[in-house]
Amino acid sequence: MIEYLENIDHNLLLLINSWHSPFGDEIMWWISDSKFGIPFYVFFLVLGIRFYGWKKGVLIIVLGAFAVGLADLSAKYLFKEVFERYRPSHHIELSTQLHFVNNYKGGMYGFVSSHAANMFAIATSLGLFFKAKNKFLIYWLLVWASLIAYSRMYL
């Protein structure tokens, strides 16, 4: 069963990674950059202050920081260091079949992606915070986090 799931995982990764182009490489590199999220964070902070005032705006920052910290620590200590599953760029069979953007290979272990986990933590916590105000915003948050996760596989 594990081999079957791993085979699906490898084929899906190879498919996503094969959809590369010079333009796509630049876009995905930019999306995967940690600074990519800064305008979004500022936007949500402004929304929080506008809808709820300064005190809850600060609460948004604290909530987001807590969510990212929890996701990051969980990704590392509950997944990466437990499963020790090689990142595709360090996998003997997969690494020769992959397209690397800017020769990016990342750390040794890649399950789960800390970057993607952090973005979904932010999206979920902000979505829960703003849920009473705008359901459309929740969908945008999930699209944003999914785009980050996709960029991790693309790269």
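The values are calculated or read from the model by the stated rules, or taken from the named source; none is laboratory data. Given the structure is predicted, the values throughout are model-derived calculations rather than measurements. Neighbour counts run over all protein chains shown; Cβ positions are idealised from the backbone, glycine included. Accessible surface areas use protein heavy atoms only, side chains included; no ligands, DNA or RNA. Shrake-Rupley method; radii C 1.70, N 1.55, O 1.52, S 1.80 Å.
Numbers below:
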{"read-out": "Neighbours by Cβ (under 8 Å, 6+ apart or cross-chain): first from segment 54-75, farther than 18 Å from Phe40 by Cα; second surrounded by 14 or more Cβ atoms within 10 Å (Cβ to Cβ) and among the hydroxyl-bearing types (Ser, Thr, Tyr)", "value": "Ala71/Ser114; Asp72/Ser114; Ala75/Ser113; Ala75/Ser114"}
{"read-out": "Qualifying residue in segment 18-27 (condition: out of contact with any helix residue (DSSP H, G or I) (no Cβ under 9 Å at 6 or more places or on another chain) and touching a residue at least 40 places away in the same chain (Cβ under 8 Å))", "value": "yes"}
{"read-out": "Filtered residues of segment 60-81 (kept if within 16 Å of the chain's Cα centre (by Cα) and of a type in the set (Asp, Glu))", "value": "Asp72"}
{"read-out": "Residue, nearest to Gly106 (Cα to Cα), within segment 24-33, restricted to residues that are open to solvent by less than 90 Å² (accessible area, probe 1.4 Å) and assigned to a helix (DSSP H, G or I)", "value": "Ser32"}
{"read-out": "Residues (of a type outside the set (A, V, I, L, M, F, W, C), open to solvent by less than 60 Å² (accessible area, probe 1.4 Å), at pLDDT below 85 and in a helix (DSSP H, G or I)) located in segment 43-78", "value": "Gly48, Gly57, Gly64"}
